[in-house]
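Some notes on the structure that comes next.
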Amino acid sequence: MHPPVRYQIVDNLAIVTIDNPPVNALSHPVREGLQTAIARAVEEHDVSLILLLCAGRTFVAGADIREFGQPPRKPHLPDLLNQIEACSKPVVAAIHGTALGGGLETAMACHYRCAVREARFGLPEVNLGLLPDAGGTQRLPRLTGVEAALDMMISGRPIGAGQALETGLIDKILDSGDIRAEAISWAQSLAASGARPRPVSAMDVPGEDCNAGFFADYRNRIARKTRGLLSPELIVQCVEDAVSIPFDQALARERSRFMECKSSPQSAALRHLFFAEREAAKIPGLDPSAVPRQIAKIAVLGAGTMGSGIALACLEAGFDVQLLDSNEDALSAGQERISSLLDKQVEKGRITANEAADRARRLRLAQAYEALSDADLVIEAVFESMEVKRDVFAALDQACRQGAVLATNTSTLDVDRIAQATSRPRDVLGLHFFSPANVMRLLEIVRGAQTSDEVIATAMAFARRLGKVGVLVGNCFGFVGNRMLYGYGRESQMMLLEGVPPERIDRVLAGWGMAMGPHAVGDLAGLDVGYKIRRERTDLPDDPCFYRVADMLVERGRLGQKSGSGMYDYQPGDRAPRPSAMVAQMIREEADRLGVAQREVSDQEIIKRCIFALVNEGARCLDEKIALRASDIDVIWVNGYGFPRFRGGPMFYASQLGLRNVYDGICRFRETLGDRYWRPAPLLEKLALADDADGW
Ligand code: T1G
């Protein structure tokens, strides 16, 4: 194995190069190597300056997240960085790629910083439920000022080199394209001009923006976005320390707050998701020689909300897109929707007018299937009906060139039956987008019985190009996400009949962390969507209570926000849900008619019924191999259904609770609520009753 840290002398410089692929994380051997290299450079007489560089695609991307579950090993990063900062010779960092977390902290412990123009800088610890642990909360405010530092640490979003230079985080941008040569020459000029070590810890925090009210205001500003999270508040406390107590003391408090975060269940959950999202990209058993097909031209069929959203997502990723709809009015409405979304993005400053114009230019409209003859990928997003979709695929089979990938955006239907309408089922699969398709990060990739490995590899690569997390799932009603949603929705509907008001169910689940309560979601998505799907199903339980309230609302024309009323009432131009006395009465009467007993339901029960129903169905998906891994289910629910990220996803949450506890809870519901819906999934039962069960 090659050493993770190299040491080389060039003239009067000691060049220390970290080389720990893929992202130069600060694993134990790297920390040891750095410590040795710095000590050696200090010893060597002829060395007047130390230059720290990284090999490979990036500067250090942070601490090694894989080590967080293990006992810490010396040298600890905070101590190592203090040693670097205290070094008697100037240390210069030269940055390319991303300097993240412990990586940026390392750069800030150096005395001078230069970077290539494309470099990015961030303290994303908050995304892992953590806070910077190696002086970042103290050194960053000293360099950039309090507010810019807080913004970086609370959002976790990296900034570019231009902004880094402006805020004082770096001293110089390197433009020549040869980072090593240019960094050496800059370091030599620093040495020649007699540059001295310049420890950031000795600097004052620029203080103009932190009067007494500042931190209170800042807390208010971030309250909504950081609801339920532990580390943002602790980050703010660390920055308060930075302006009020000496560096060393503040560092000790940063350390203890970090330890509190690290041992919290939410950090474990967020770290789980970090790896789960990367794991999802790896498909066990996929033919390694299956090379993704080239995709340049995409056709989207159906110009409704979903179709135009998908088209926009593809335009944003740089593809040429053809939007096709046989109905001319629908087509122009779709185009208008896209251009008004582009205008809004320009207004909000997310993209430039030029970028918007470029996207609009890459969109073409068509009405006839002949226009699809040169498409590399077709995504069908027409009405959710098997008959309609089979007709469309038969037509696609005629119109598309051999080798084109044919995808359906069905959210529930049998992908194999759709594929059978073509002569090339190997090229057919499901690409299930989530609404709004240009915003939601999830893409469920549905593998049909005959879908080829090459087509799956193409879809996985396509998801990456779109900037989405692609998760491969098997074919069954609703795949993973919507199949599980049925259990969750069923319980939130049943509780209405038992006498729990919709607004209470929503409040309790949103309070638990769901992005929205289930009834507010139903109104947003349109209650008619689920209604139509239920009419298409032949396997629904013979239960007059099943989704009864939702069905009644649709039958009374209350479709949700789009019709001005649904489970809730809405005032024109206002999306705020208002409880409806009429709906409350309707539910009461229906419960009476159906003979559903009114019960006291605790907040705990509301949560458990909805979440355990999810977990139980998730266990079935896993058992039937509809989901490849429990962690894929977590990725799906967090990125597609507003499940709280800080709880790690339903399956992770269940293992944190203990599978035995979840199993016992389900068995208790079986006793109180009957066994129609509350039979524990066989896999859950097996794992829960095993002696050593602690996960899936
Ligand atoms: N530790 C361990 N492994 C890591 C890693 C890390 N920090 N970052 C990435 N990997 C692995 C990743 O699992 C994947 O592995 C491979 O590298 C490529 O990653 C003390 C507390 C750097 C922008 O949060 O944001 O520092 O799947 O597929 O799209 O205060 O990785 O190939 O086996 O994501 O080019 C703070 C996390 C840590 C940065 C590259 N740092 N990483 O993106 O590749 S906490 C972070 C990223 C900390 C200090 C503290 C991205 C990336 P595999 P990838 P990419």
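Structure data summary
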item	result
Antiparallel DSSP beta bridges within the stretch 366-460, percent to nearest 5	35 percent
Average Cα contact separation per residue, the chain, under 8 Å, 6 or more apart, as relative contact order %	9 percent
Ratio of Rg to Rh over the stretch 397-481 (Cα coordinates, Kirkwood Rh, two decimals)	0.95
10 Å binning of all Cα-Cα separations within the stretch 267-333, expressed as whole percents from 0 upward	17, 27, 27, 22, 7, 0
Set of the stretch 312-340 residues, backbone N closer than 13 Å to the point 7 Å along the Cα-Cβ line of A371	321-336
Packing-based order for 47-57, 596-606, 161-171, using average beta carbon neighbours within 10 Å, highest first	47-57, 161-171, 596-606
Computed E for D287/L673 - FRET, C-beta separation, R0 56 angstrom, nearest 0.05	0.75
Distance between the stretch 460-537 and the stretch 323-354 - C-alpha centres, whole angstrom	27 Å
Gap separating the Cα centres of the stretch 141-180 and the stretch 247-299, nearest whole Å	23 Å
Antiparallel DSSP beta bridges within the chain, percent to nearest 5	25 percent
Dipole magnitude of the stretch 297-473 about its Cα centre (Cβ charges: Lys, Arg +1; Asp, Glu -1), debye to nearest 20	560 debye
q = 0.19, 0.34 Å⁻¹: log10 I(q)/I(0) that the Debye formula gives for the stretch 182-221, counting C-alpha atoms only	-0.69, -1.00
Estimated FRET transfer efficiency (V10, A86; beta-carbon r; R0 25 Å; 0.05)	0.55
Share of pairwise Cα separations in the chain, more than 41 Å, in percent	39 percent
Only Lys, Arg (+1) and Asp, Glu (-1) charged, at Cβ; the chain dipole about Cα centre in debye	180 debye
Calculated [θ] (222 nm, deg cm²/dmol) that DSSP helices of n ≥ 4 give over the chain, each run adding -39,500 (n - 2.57)	-15000 deg cm²/dmol
Net charge of Cβ neighbours under 12 Å - reference C110; Lys, Arg +1; Asp, Glu -1	+1
Given K262/K348; K468/K625; K468/K562, the pairs whose alpha carbons are separated by over 31 Å	K262/K348
Diffusion constant of the stretch 297-473 at 25 °C, which comes from Stokes-Einstein with the Kirkwood Cα-pair radius and 0.890 mPa s, µm²/s	154 µm²/s
Set of the stretch 30-66 residues, backbone N closer than 15 Å to the point 7 Å along the Cα-Cβ line of R198	50
Percent antiparallel among DSSP beta bridges (both partners in the stretch 297-473, rounded to 5)	15 percent
Accessible solvent surface per residue of the chain, calculated while the other protein chains remain in place, 1.4 angstrom probe, Å²	43 Å²
The chain - percent of accessible surface contributed by carbon and sulfur, probe 1.4 Å	50 percent
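The values are calculated or read from the model by the stated rules, or taken from the named source; none is laboratory data. Because the structure is predicted, anything quoted here is derived from the model rather than measured. Glycine gets a Cβ as well: all are built from the backbone with ideal geometry, and neighbour counts include every protein chain shown. Just the protein is used for accessible areas: all its heavy atoms, side chains included, with ligands, DNA and RNA removed. Shrake-Rupley method; radii C 1.70, N 1.55, O 1.52, S 1.80 Å.
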